[in-house]
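Here is the structure we will look at.
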Amino acid sequence: MAVPALAAGPSLVDGVSGVPIDWADWVGKRGPAAVLMWASWAPRAESVIDSHDEIADACREAGLELIVLDVQESIEDGKAALGPKGVPWFHDRHGALLKQYRVIRVPSLVIVSAEGEPLVRMDPTAAAVRSWRSR
């Protein structure tokens, strides 16, 4: 799945520290990675984020780092929803990665290569990660 590169790269911010994130650099150092496309307004948002630890464990077993990407909402809404959960997350206000990876349903889990290419899109569950890993 070839993905068109964004000219300046997506405008991402670390939701915990507020520091701008260079996506290509981040995923290049940690990839492949699992990106949980998430928003507090989405159906199932709460149940998916409540299972974060289980999904993260399945990702670690598969050799992936999991990052939550809060999309298409204000950073304040992201902080209110994710801050108390203590999960690592990035904020993508305008959904640039959501669009780049052609994700149409939130929440979704996207496995990306170290080059930032989407490898697979799946349901955001530990079972889906384990099923993908066993293939």
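Every number here is computed from the coordinates shown, using simple stated rules; none is lab data. Nothing here was measured: the structure is a model prediction, and the numbers come from that model. Every residue, glycine as well, gets a Cβ built from its backbone with ideal geometry; the counts of neighbours run over all protein chains shown.
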### Task
Starting from residues that are more than 13 Å from residue 88 (Cβ to Cβ) and among the acidic types (Asp, Glu), keep the ones in the stretch 11-28 and report whichever is surrounded by the fewest Cβ atoms within 10 Å (Cβ to Cβ).
25
### residue 73, sole failed condition from (1) in contact (Cβ under 8 Å) with a residue 60 or more places away in the chain; (2) closer than 25 Å to residue 19 by Cα
(1)
### Task
Scan the stretch 34-60 residue by residue and report those that are among the acidic types (Asp, Glu) and in contact (Cβ under 8 Å) with a residue 40 or more places away in the chain.
54, 57
### Query
Limited to the stretch 27-47, what total is found for residues that are in a helix (DSSP H, G or I) and over 12 Å from the mean Cα position of the chain (by Cα)?
6
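Matching residues to (1) surrounded by fewer than 17 Cβ atoms within 10 Å (Cβ to Cβ); (2) within 17 Å of residue 14 (Cβ to Cβ):
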{"position": "41", "(1), (2)": "yes, no"}
{"position": "63", "(1), (2)": "yes, no"}
{"position": "83", "(1), (2)": "yes, yes"}
{"position": "116", "(1), (2)": "no, no"}
### Task
Considering every residue within the stretch 84-101, establish whether at least one is under 11 Å from residue 37 (Cβ atoms), of a type in the set (D, E, K, R) and touching a Gly at 6+ places or on another chain (Cβ under 9 Å).
no
